[in-house]
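Written out below as structure tokens is the structure these notes cover.
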Amino acid sequence: MKPLYENPLCTRYSSTEMQTIFADDTRFGLWRRLWLALAKSEKALGLDITDEQIAELEMHLDDINYDDALNKEKEIHHDVMSHIYALGLLCPKAKPIIHLGATSCFVTDNSELIMMHRALLLIRARLVKVIDNLSDFALKHKDMPTLGFTHLQAAQLTTVGKRATLYVQEFMMDLENIDYILDGFRLRGIKGTTGTQASFLELFNGDHEKVKKLNEMVVNEMGFKRSFSVSGQTYPRKYDFEILSVLSGIAQSASKFANDLRILQSKKEMEEPFGKKQVGSSAMAYKRNPMLSERICALSRYLISLPQNPAMTAATQWFERTLDDSANRRITNSEAFLTADSVLLLMDKVTTGMVVYPKIIEKHVAEELPFMATENILMDCVKAGGDRQTLHEAIRECSMEAASHVKVEGKENDLIDRLKQKEAFKPYKDLIDKAMDAKLYIGRASRQTEEYISGEVLPVLKKEKK
């Protein structure tokens, strides 16, 4: 019996790696590392902090005494102060200098940024794997003609591989956006209660250069090079929107792919992987429902909606900050990454094992190809000496009859046979047969696939594998 609510993102969908990044042990472990970095940097810049105090803090980075912190929080209703108290119990000698000059956002904001940075790196690795899978698929099927669709109606032919490049390109755009965020990633640094660094200026007796150096040293100690040049009490909440928008972009790309695959599976042209013991339906035992693709769409829809939350938070932060950002950020930021992780794990599974049914694809092409081929047939026959107007009228008549034969009577497209029986086309039967090669109608699809994957995608993947 499980009487309490459990988040399905943790129990069903996301990975242990991503959950660990946002776990309490990680969060509070980072708080302690930030306090250590602050103390070490303050000591290096001349404050009266001893090696013994630093050593004591270093000994207790991960043995977090949660009960002490929780009991204290019930009394004082402040999470950061409660953990300062708990750490002080473990580090009695360092207790006087823990959190010296800092405000709560020093640990909360910087730790959350570090967690999101780690999560972005994990998401990036998963995204690269999906791009790799789809690129292999695109090259493998670059020459296989298939019906293109506009308005969800049969249009000019493309190839199975060329269509896959459309998905690859969108995921490559997502990769570029992740790299843009990662390349310019910033911590909050040490900014004080309203962002003026007044407390640190007081600690260092008005020495502005030491305060600037302290900020730089703490950021570097935590493994980063940049911080926001200015802030209020918090880092700009717009940054959350920018980060979650990248995740939303991944969800948009994934949903586009998965929706297309669901349609193709309904047409029996392609399928997502289906286990030997998998059950498609509790009632209809014969069914092979696209459950993974549907799950991708469901989770993606949720993720696409999430950036609206930090957008509203950023727009309603008053002056240097208000606390109405805290509760929702605890939920939204972590769940966005857990969801993105879940979506990409599913994408990896689907793109690794997609099944293509060439005979069904050929059948569907054959049903539409006669109509598409009529322009080539007309041109070839005229070049061979036929009368363009007579041939055009014959094509029009036969096309109307064949369309009725298909739509009204439910029979196969017999346009080609009808054309061959027309007097105007009898001298050109060989030209008609020649025009029925589907590869004549795929344009540069094969070349485009090769050029794009080999020219733009594989060089990126090659760098990733070094």
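Calculate the dipole size of region 15-97 relative to its Cα centre from +1 charges on Lys and Arg beta carbons and -1 charges on Asp and Glu beta carbons; express the result in debye to the nearest 20.
220
Can you run the Rg to Rh ratio on region 333-415? Use alpha carbon positions and the Kirkwood inverse-distance Rh.
Rg divided by Rh gives 1.36.
So what's the angle, to the nearest 10 degrees on a 0 to 90 scale, between helix 79-90 and the longest Cα principal axis of the chain?
Value to nearest ten degrees: 60.
Please arrange T150, T234, T20 by counting, for each residue, the other beta carbons lying within 10 Å of its beta carbon, fewest first. Mind dumping the intermediate values first?
Details: T150 8, T234 25, T20 12.
Least crowded to most crowded, the residues run T150, T20, T234.
Run the dipole for the chain about the Cα centre, Lys and Arg Cβ at +1, Asp and Glu Cβ at -1, nothing else charged, and hand back the magnitude in debye, nearest 20.
960
Would the chain count as rounded, prolate or oblate if I go by the C-alpha gyration tensor, calling it rounded below 1.5 in a/c and otherwise prolate when a/b exceeds b/c, oblate otherwise?
Prolate, since a/c reaches 1.5 and a/b exceeds b/c.
May I ask you to sort L120, L369 by Cβ crowding, counting other Cβ atoms within 10 Å and putting the fewest first?
If I rank by nearby Cβ atoms, fewest first, I get L120, L369.
Can you tell me the 0 to 90 degree angle between the C-alpha axis of helix 238-266 and the longest principal axis of the chain, rounded to 10?
Between the helix axis and the principal axis of the chain, the angle is about 30 degrees.
Taking neighbour counts of Cβ atoms within 10 Å as a proxy for exposure, in what order, fewest first, do V160, V408 appear?
V408, V160
Could you tell me which residue out of P307, S404, A23 lies farthest along the dipole of the chain toward its positive end? Charges go on the beta carbon: Lys and Arg +1, Asp and Glu -1, centred on the Cα centre.
S404
Convert each backbone phi in region 428-445 into a coupling constant with the Karplus relation 6.51 cos²θ - 1.76 cosθ + 1.60 (shift: θ = phi - 60°), then list the ³J(HN,Hα) values in order as whole Hz, x for Gly and Pro.
Here the 3J(HN,Hα) series is 10, 4, 5, 5, 5, 5, 4, 6, 8, 7, 4, 5, 6, 10, 9, x, 9, 3 Hz.
Output wanted: per-residue J couplings in Hz (rounded whole) for region 9-14, from phi through Karplus 6.51 cos²θ - 1.76 cosθ + 1.60, θ = phi - 60°, x for Gly and Pro.
Per-residue couplings from phi come out as 4, 8, 7, 10, 10, 8 Hz.
Which whole-Hz ³J(HN,Hα) couplings does region 93-109 yield from phi under the Karplus relation 6.51 cos²θ - 1.76 cosθ + 1.60, θ = phi - 60°, glycine and proline marked x?
Working through the residues one at a time gives 6, 8, 3, x, 10, 5, 6, 5, x, 8, 10, 3, 5, 4, 8, 5, 5 Hz.
Whose amide H sits under 5 Å from the amide H of L187, counting only residues 5 or more places off or on another chain, with H placed in the peptide plane?
Long-range HN contacts for L187: R226, S227, F228.
With N set to the number of residues, divide the alpha-carbon radius of gyration of region 178-246 by 2.2 N^0.38 Å and report two decimals. Intermediate results must be reported in sequence, preceding the final value.
Details: Rg = 13.3 Å, N = 69, 2.2 N^0.38 = 11.0 Å.
Working it through for region 178-246, the quotient is 1.21.
How far is helix 24-44 tilted, in degrees, relative to the longest principal axis of the Cα atoms in the chain, given as a value from 0 to 90 rounded to the nearest 10?
Its long axis makes an angle of about 50 degrees.
Give me, ordered by chain and number, the residues 5 or more places off T159 or on other chains with an amide H under 5 Å from its own placed amide H.
Residues meeting the criterion, in which the H sits 1.01 Å from N, are T146.
Within region 298-345, report the trypsin sites (Lys or Arg not before Pro) that DSSP leaves as loop and that have at most 16 other Cβ atoms within 10 Å.
Filter output for region 298-345: empty list.
Within the chain, which is the longest segment containing none of the GluC sites (Glu not before Pro) that sit in a DSSP loop and have at most 10 other Cβ atoms within 10 Å?
Numbers: sites that count: E6, E409.
Segment 7-408 is the longest.
Name the residue farthest towards the positive end of the dipole of region 360-435 from the options N413, C381, I432, assuming +1 on Cβ of Lys and Arg, -1 on Cβ of Asp and Glu, about the Cα centre.
C381
Would you work out if region 15-97 is rounded, prolate or oblate? Take a ≥ b ≥ c from the square roots of the eigenvalues of the alpha-carbon gyration tensor; rounded if a/c is under 1.5, else prolate when a/b is larger than b/c, oblate otherwise.
Oblate, since a/c reaches 1.5 and b/c is not below a/b.
Given N residues in region 282-390, what is Rg(Cα) / (2.2 N^0.38 Å)?
Rounded to two decimals, the normalised Rg is 2.05.
What residue among Q169, N110, Y235 has its Cα farthest toward the positive end of the dipole of the chain, where the charges are +1 on Lys, Arg and -1 on Asp, Glu, each on the Cβ?
Q169
Where a number appears in this text, it was derived from the coordinates with a stated rule and is not lab data. What you see is a predicted model, and the numbers here were worked out from it, not measured in a lab. Cβ coordinates were reconstructed from backbone atoms using ideal geometry, including for glycine residues, and neighbour counts include every protein chain displayed.
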